[in-house]
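Worksheet: the structure to be examined is printed underneath.
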Amino acid sequence: MKIRRTKIAVIAAAAALTLAGCGDAGNDDGDNGDGGSDGFSPEVVEDASFDDGTRMAEIAKDGKVKIGVKFDQPGIGFKSATSDTPTGFDPNMGKILAAKLGIPADKIEWVETISDNREPFLQNNTVDFVIASYSITDERRQVVGQAGPYYVTGQQLLVAADDDSINGPDDLKGKKVCSVTGSTSIKTVEEQYGATPAGFDTYSECVEQLKTGSVDAVTTDGAILAGYAAEDPDALKVVGEPFSEERYGIGYNKDAAGMCEFINTTLEGAFEDGEWEAAFDDSLGKGGIDLPETPTLDPCP
Ligand code: GLU
């Protein structure tokens with residue numbers, strides 16, 4: 001049921017974005033570059049207090065927090081060269097977490113994470129949280145904490161608009177498919193569909209490879225691909241049904257006691273008080289993607 005909903009949502013999104021003929025999901029969304037945002041701004045808790053010795057207490061005391069997000073994925077996590085702050089569903093979720101720690105958006109330090117450095121950035125405390133289209137997996141949970149999910153999507157394919165040879169993952173055998181090193185996406189096409197993978201650092205690099213004809217397709221989560229297709233609907237299209245389930249989680253350092261409970265409580269609250277929906281409406285929703293069903297959170301370990 002969940003997969004079906006996501007499927008419909010992503011297809012609808014691609015269609016809506018294509019019709020609109022604009023990449024609104026990736027625009028800077030009224031951010032005036034002053035470090036704050038005119039868009040989504042959740043209410044900041046005045047007197048946030050946490051048990052002594054916890055990472056939450058330290059962050060609240062410091063009054064600042066470091067959050068790793070993507071900078072090149074319109075609608076999910078995107079920062080233009082001229083803007084100080086990223087926009088998208090993931091940064092919005094970061095603002096919700098920060099607000100519950102008593103930290104306003106202009107005290108968040110946004111750090112660009114690529115797929116391959118998410119675990120090390122959490123392990124060596126380069127960032128406090130990773131909110132970066134970061135699927136929850138058992139393998140990742142061996143080395144980092146992942147709370148959630150706060151969003152569920154599924155892997156799809158992006159191809160040239162005039163290509164009718166690739167319509168789903170079964171057409172990928174022997175094809176050159178671009179994806180990102182350290183992602184679940186590259187593993188899935190290589191291991192399950194016999195594609196010849198081309199691994200890059202970012203999906204935007206993959207999109208460039210596709211546009212120059214160096215690869216036959218790009219693969220990753222439908223919600224990410226919809227953003228790229230919307231930016232260039234004459235050249236690119238998303239094809240086929242989702243062929244995986246990607247449950248986006250919030251990454252944290254595994255040693256941070258009580259962090260999972262804090263994140264889950266914050267997510268539950270945001271599901272209930274409308275902030276999660278507002279965060280979505282301000283980002284992926286603007287690109288025409290339907291609000292998904294509220295996800296069910298995994299219990300904390
Ligand atoms: N959600 C998938 C993952 O975490 C693909 C997207 C990404 O690489 O950020 O690997």
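Observations
- Excluding same-chain neighbours fewer than eight residues apart, the lysines reachable from LYS175 by a Cα-Cα span under 25 Å are LYS7, LYS187, LYS211, LYS237.
- The ranking of THR202, THR220, THR294 by Cβ neighbour count inside 10 Å, starting from the fewest, reads THR294, THR202, THR220.
- Helix-only mean residue ellipticity at 222 nm for the chain, each DSSP H run of n ≥ 4 adding -39500 (n - 2.57), per residue, nearest 500: -10000 deg cm²/dmol
- Ordering of 47-60, 221-234 by burial proxy (mean other Cβ atoms within 10 Å per residue, highest first): 221-234, 47-60
- Mean-position separation - Cα centroids, the range 153-216 and the range 222-301, in angstrom: 22 Å
- Karplus (6.51, -1.76, 1.60) ³J(HN,Hα), θ = phi - 60°, over the range 108-120, in Hz, Gly and Pro reported as x: 8, 9, 8, 10, 6, 10, 9, 4, 6, 9, 5, 5, x
- In this structure the amide hydrogen of ASP84, modeled in the peptide plane, comes within under 5 Å of the amide hydrogens of GLY33, GLY35, none closer than 5 places in sequence on its chain.
- Of all aspartates and glutamates in the structure, the ones whose alpha carbon falls short of 15 Å from that of LYS254, not counting any fewer than 8 places away in one chain, are GLU119, ASP128, ASP138, GLU139.
- Each semi-axis of the equivalent ellipsoid for the range 137-182 is √(5λ) with λ an eigenvalue of the Cα gyration tensor; in descending order they amount to 30, 13, 9 Å.
- Cα point-scatterer Debye curve for the range 112-262, base-10 log of I(q)/I(0) at q = 0.10, 0.14, 0.16, 0.19 Å⁻¹: -0.36, -0.66, -0.83, -1.08
- Remark on ILE103: its backbone amide H falls under 5 Å from those of VAL45, a criterion applied only to residues 5 or more positions apart or on other chains, H modelled at 1.01 Å from N.
- The chain: Rg to Rh, with Rh as the Kirkwood radius over Cα pairs: 0.96
- Lysines whose Cα lies under 21 Å from that of LYS79, excluding same-chain neighbours fewer than 8 positions away: LYS64, LYS66, LYS70, LYS95, LYS107, LYS286
Each reported figure results from applying straightforward, stated rules to the coordinates on display, with no laboratory input. Small disclaimer: the values here were computed from a predicted structure and weren't measured. Ideal geometry is used to build each Cβ from the backbone, glycine not excepted, and the neighbour counts take in all protein chains shown.
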